[in-house]
Number of protein chains: 2
Amino acid sequence: MIRIAVDGMGGDFAPREIVKGAQSISREGLASIVLVGDEQKMRPFVTDHANLDMVHTPVCVDMNEAPSNALRKKRDSSMNKAFELHKSGEVQAVVSAGNSGAAMAFAIFTLGRIPGVDRPAIATLHPRMGEGVSILLDAGGTVDCKPTHLTQFALMGNAFAASVLGIASPRVGILSNGEEETKGNELTRDAHALIKEFGLNYLGYVEGTDMYNGRTDVVVSDGFVGNIALKISEGVADLIFEFFRDGIKKSRKAQLGYFLLKDLFKEFQKKADYSETGGAPLLGVDGVCIICHGKSNEKAMRNAILLAKKFVEKGLKESVNEAMQDYQSFQKVKER
Amino acid sequence: MIRIAVDGMGGDFAPREIVKGAQSISREGLASIVLVGDEQKMRPFVTDHANLDMVHTPVCVDMNEAPSNALRKKRDSSMNKAFELHKSGEVQAVVSAGNSGAAMAFAIFTLGRIPGVDRPAIATLHPRMGEGVSILLDAGGTVDCKPTHLTQFALMGNAFAASVLGIASPRVGILSNGEEETKGNELTRDAHALIKEFGLNYLGYVEGTDMYNGRTDVVVSDGFVGNIALKISEGVADLIFEFFRDGIKKSRKAQLGYFLLKDLFKEFQKKADYSETGGAPLLGVDGVCIICHGKSNEKAMRNAILLAKKFVEKGLKESVNEAMQDYQSFQKVKER
């Protein structure tokens, strides 16, 4: 059985929702769970010990703590101890809904990076027109990027899409302000020249609309732009649903209409709901690490653990590793 | 009567939709229009000459032409001739649905910039929760920005919001990947330090969600990020409506539900439809210039002209000018 360490103290609703989500997995025998955190605080929510172990530590990383501070002072935190269990081989993946900057810092510090990766990237999955999902990376891991970072994101995203999500020949694009080669900013122009050289199904620049119209599978950006793209998406979806909620309250006719369309509204909300996806993999670290939304509830945590399990089974780490070996060989050839 | 030059040859549906939109304004006596373009091509759509003049030129800027090329070779284009009419004082505003990069280039070249403005910015208006609209700038004018550019955008956006849109003490924020001061990238960190020094109702960093939840009035970013924010918004809204269109087709129950909710769907689409807004002002040039979506139809053009008229009446140019005088005085004091 795949064994997964869960940061029991990370997230706005920790430890309750985290423990409940983890336990729903262990109880069903879907994975073996190691809950890391303050035993006294977690225990009230543990009702079934099958496939569930606890590792005690009273230290936890605050949600708003500076990652550098956590890295210096909180090596004994539930978050880092989860990564240490992964490093030592006791578990095959880590799931945390804690401070995502700190999770990234500890993942790099404790697990280390896959050779050839300068910066790991957070890859988020997005609903889109037609089948499947679009992958956006980096969604907020590395804010100030160099062209080589974007190139590595493209290769990692491609490997993830192909090997883990099973997308044949993923279409990869750089998120830009227009499709023409004359568009883009300093960073994307240099990255574009680099990415072209690898044998990807590379579309060049893609626009924000392409993330949702099904034209692209892997959308590459720096973490600053990626995070804004993510939050703008959230904002627009919230605005639209808020608008309908408001309007429906105001008329009996609209209420009846909503009643008849309820299944569709629910289906879409399910598509858009982060708790349905569970979390986002951190690509480029030497392991499987799922970073979850701070507001993760039991369902989100359950889905995040299932995602981690799937990524272990599909060989996420191995496929990124392979892609980066190609990247390094290519770099060496160029340097000659 | 306010007199407005309209680029009759700019836009995917030019000249037909442009002429029809312009004429609907002149016919009603809402403004006096100067249509600039190829007379032979425009004339078939002109049925009423009241308040409508034409200025002939056979040259027109292509939608995909490099702005630098247009600037070198197309000084006689309908687009630039419209700006020349503005420069000479014959009209008080220019409206164009043509190549927006070229429109920006000609606006700067022919009208010039307001003193103190290094880069003009395209300011787009967005629906949001509650009342009013949010202003995003720059939505794609200047891709690679310096911190002083963002500072100028903040001041211009603030002046536009306060004087033209009538928002008391507009809340201004820099679009970033998180609210904390530790977030942001190199550009926003330096811009943040600069903008703080002006007496704006400045919120610091705001997130993508804040553009739509009503927390911010003026959202500042470089043109690369702004354009992505704009297109991502479009993509998410399209995705949601496409999803409902699809779902409604599949069941009789959903069709009935849609019938009952139709008014709400229409109301939202109106809110989100760029043809309802008409266009976006280019802030920082020495005049009033409205840049429209390339796909502008008659209605969009009509609304864009009404927007131009309103901005002339409300003293858009004068209020930006005043804000930039304050900016320059402040810079001088600092240099001492």
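The values are calculated or read from the model by the stated rules, or taken from the named source; none is laboratory data. Please read all numbers here as calculations on a predicted model, not as lab measurements. Note that each Cβ is placed from the backbone with ideal geometry, even for glycine, and that neighbours are counted across all protein chains shown.
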Filtered residue count, the range B:171-184, keeping only those that are buried (at least 24 other Cβ atoms within 10 Å of the Cβ) and part of a loop (DSSP other than H, G, I, E, B): 2
Some residue of the range B:251-270 being among the hydrophobic types (A, V, I, L, M, F, W, C) and outside any helix (DSSP H, G or I): no
Counted residues, the range A:171-211 - those being within 8 Å of chain B (Cβ to nearest Cβ) and of a type in the set (Lys, Arg): 1
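Please find, within the range B:85-110, the residue that is surrounded by the most Cβ atoms within 10 Å (Cβ to Cβ) out of those that are under 18 Å from the mean Cα position of the chain (by Cα) and in a loop (DSSP other than H, G, I, E, B). Working first, answer last.
Step one: filter the range B:85-110 for residues under 18 Å from the mean Cα position of the chain (by Cα), giving B:86, B:92-108.
Okay, now just the ones that are also in a loop (DSSP other than H, G, I, E, B), so B:92, B:97-99.
Numbers: B:92: 21, B:97: 32, B:98: 30, B:99: 27.
Residue satisfying both the conditions and the ranking: B:97.
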Residue in the range B:275-282 that is under 24 Å from residue B:110 (Cα atoms), touching a Leu at 6+ places or on another chain (Cβ under 6 Å) and at pLDDT below 90 present: yes
Top-ranked residue in the range A:195-213 [being free of Cβ contacts under 8 Å to residues at least 60 places away in the same chain and surrounded by fewer than 17 Cβ atoms within 10 Å (Cβ to Cβ); ranked as nearest to residue A:148 (Cα to Cα)]: A:196
Failed item in (1) surrounded by 24 or more Cβ atoms within 10 Å (Cβ to Cβ); (2) closer than 24 Å to residue B:207 by Cα; (3) of a type in the set (Ser, Thr, Tyr), with residue A:68 passing the rest: (1)
Residues that are surrounded by 24 or more Cβ atoms within 10 Å (Cβ to Cβ), over 17 Å from residue A:176 (Cα atoms) and more than 14 Å from every other protein chain (Cβ to nearest Cβ), drawn from the range A:111-149: A:117, A:120, A:123
Test: residue in the range A:236-253 that is touching a residue at least 60 places away in the same chain (Cβ under 8 Å) and either among the hydrophobic types (A, V, I, L, M, F, W, C) or within 7 Å of chain B (Cβ to nearest Cβ) (or both): no
Count of residues meeting criterion [of a type outside the set (A, V, I, L, M), in a strand (DSSP E or B) and closer than 16 Å to residue A:103 by Cα] in the range A:24-78: 1
Criterion: more than 7 Å from every other protein chain (Cβ to nearest Cβ), in a loop (DSSP other than H, G, I, E, B) and touching a Leu at 6+ places or on another chain (Cβ under 6 Å) - qualifying residue of B:226, B:287: B:287
Test set (1) at negative phi; (2) at pLDDT below 95; (3) more than 21 Å from the chain's Cα centre (by Cα) - residue A:128 fails condition number: (3)
Selection count, the range A:34-70, where residues are of a type in the set (Lys, Arg) and either in contact with a strand residue (DSSP E or B) (Cβ under 9 Å, 6 or more places away or on another chain) or outside the structural domain of residue A:295 (by TED's automatic domain parsing) (or both): 1
Test set (1) over 30 Å from residue A:220 (Cβ atoms); (2) not assigned by TED's automatic domain parsing to the domain that holds residue B:97 - residue B:292 fails condition number: (2)
Within the range B:1-23, tally of residues that are part of a helix (DSSP H, G or I) and basic (Lys, Arg): 2
Check on residue A:157, surrounded by fewer than 24 Cβ atoms within 10 Å (Cβ to Cβ) and either over 23 Å from residue A:288 (Cβ atoms) or away from every other protein chain (no Cβ under 14 Å) (or both): no
